[in-house]
């Protein structure tokens, strides 16, 4: 049966790209885009970066919308259902429930993303925020503008970006991290340590190996008590302890859900007509021969487009392979990572005497290069993404690094 | 087709370079350089992927004769 109605659940980057790819592929049937937030689809990376900067004189920052309502309605001819989350999926009847309404689909793309994890016991206390949505970012920005003494819980990328922004405003900031080394899972211990040196160098307090015992205050947060008994006074607490895929609403749907919606290489869930994309999708990445769930801008965009094209024409479905890529901006430094970090060996192939100011690191898995990370080496990083995509050998990667050093040395 | 970069939007993230390295390269200062502005033969799909893959929507494709064709 041909598809007459494409429904996309989740109105962020992956959902947007699903809609756009469907139209670009020539689909002229109906499209409905369902989003839990009231806002039109907007870009999230700026929320922990540029959106938090500036001062009152700049006026309220604009929401980084991807497209205007006009574009959705007329150019893309999309029926928008914003402001209410989908609550159930019945694949037998091919129906998605949104509030009291039922939306019937022929093809379905699930792109509900992930939800920021809360710090237990902080509900109802003003001044404690996660940072995932534009509403979160507006609240965090207002507190920063008010000169808040800031405590960031979790030394991950988003928390670190917030800390850097707060320091740029001259505020007192302390980052609290349960693990002994920040970012260990994302980039490994050595590079995690190098990244964390950026905090200390910029006079951000960094407390590793301690957890938060309690967040105290009457109506507003006043202090954070740590597991070693120390107390941090705080007007703003930003919680950056990761996100969980938004799959609760799929209970009973028959979809296989375990840390994301399980999909094959074509982003198909195994249920007729149902595909998944973005942070919520755990799909088989042929390039690395393993299932992955990524929370990265690039893969969300590409998966959204691919999932829609595949959903509209399953017999010609193409698999989605990628070398994961993410970036993060702290204190004016750009951190970039490609590939995977759970490797057998890490070698820093090029670095300034202080590797926090500039370095290039490679990750080995077996006899192949599996990952690369740079700090302030923007001309190096993507060369390795290309090599990883071509499954280049470790030896070739090392000799390429050698040739790059030689080039830099003579210039 | 030729590639046009909006340098007001580009922040040098380099996804374009990884998808179409014959056309795009980010330099040591983090600025995007075009190694050639015309799309090389057989690489249109890669360059289109680069345009679509740009997180700051700084890239677009234009017909080679776009200026000659207008009235």
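Let me know the whole percent of all Cα-Cα pairs from region A:190-248 that are separated by more than 16 Å.
Tail of the P(r) past 16 Å holds 60 percent of the pairs.
To the nearest whole number, what is the average tally of beta carbon atoms from other chains within 10 Å of the beta carbons of peptide B:8-14?
The per-residue average across the peptide is 5.
Is it possible to state the helix-based mean residue ellipticity at 222 nm for chain A, with each DSSP H run of 4+ residues giving -39500 (n - 2.57), the sum divided by total residues, to the nearest 500 deg cm²/dmol? What is it?
When only DSSP H runs of four or more count, the value is -7000 deg cm²/dmol.
Kirkwood-based Rg over Rh for region B:2-62 (C-alpha set), two decimals?
0.91
So what's Rg/Rh here for region A:1-55, counting alpha carbon atoms and using the Kirkwood radius for Rh?
My calculation of the ratio gives 1.14.
What are the equivalent ellipsoid semi-axes of region A:332-410, built from the alpha-carbon gyration tensor (square roots of five times its eigenvalues), in whole angstrom, biggest first?
Sorted largest first and rounded, they come to 19, 14, 11 Å.
Taking chain A as a Gaussian network, Cα atoms linked when under 10 Å apart, which of A:352, A:135, A:106 shows the biggest mean-square fluctuation?
Answer for the Gaussian network model of chain A: A:352.
Taking Cα pairs under 8 Å and at least six residues apart, what relative contact order does chain A come out at, in percent?
Over chain A, the number comes to 15 percent.
Over 10 Å intervals from 0, what percent of Cα-Cα pairs in region A:118-239 sits in each interval?
In whole percents, the pair-distance histogram is 14, 49, 33, 4, 0.
What do you get when you divide the Cα radius of gyration of chain A by 2.2 N^0.38 Å, with N the number of residues?
Rounded to two decimals, the normalised Rg is 1.03.
Can you give me the three principal axis dimensions of region A:1-102 from its C-alpha atoms, in Å, biggest first?
Extents along the principal axes, in whole Å: 56, 30, 19.
With no solvent and one point per C-alpha, what does the Debye sum give as log10 I(q)/I(0) for region A:161-294 at q = 0.20, 0.22 Å⁻¹?
With no solvent term, the Cα-only Debye profile gives -1.08, -1.21.
Whole angstrom only: what separates the Cα centroid of region A:4-31 from the Cα centroid of region A:318-335?
Answer, in whole Å: 25.
Let's test this: bin the Cα-Cα distances of region A:55-130 at 5 Å from zero up to the farthest pair and state each bin's percent.
Here the calculated profile for region A:55-130 is 3, 10, 13, 14, 17, 16, 13, 9, 5, 1, 0.
Just the projected area, averaged over all directions, of the convex hull on the alpha carbon atoms of region A:113-178: how many nm²?
4.7
Quote the Stokes-Einstein diffusion coefficient, in whole µm² s⁻¹, for region A:222-366, based on the Kirkwood radius over alpha carbon pairs, a temperature of 20 °C and a viscosity of 1.002 mPa s.
117
Find how many whole Å separate the alpha carbon centroid of region A:122-169 from the alpha carbon centroid of region A:179-238.
Here the answer is 13 Å between Cα centres.
In the Gaussian network model of chain A, springs joining C-alpha atoms below 10 Å, which of A:343, A:397, A:25 carries the largest mean-square fluctuation?
Evaluated over chain A, the most mobile residue of the options is A:25.
Cα centroids of region A:242-301 and region A:354-411: how far apart, whole angstrom?
Each part reduced to its Cα centre gives a spacing of 30 Å.
What list do you get for A:405, A:23 if you sort them by fewest beta carbons within 10 Å?
A:405, A:23
Starting from the Cα of residue A:101, step 7 Å along the direction of its Cβ; do the same at residue A:218; then give the gap between the two resulting points in nm.
It works out to 4.5 nm between the two label points.
Each value in this text was obtained by applying a stated rule to the coordinates, not by laboratory testing. Computed from a predicted model, the values in this text were never measured in an experiment. We place every Cβ from the backbone using ideal geometry, glycine too, and count neighbours over all the protein chains shown.
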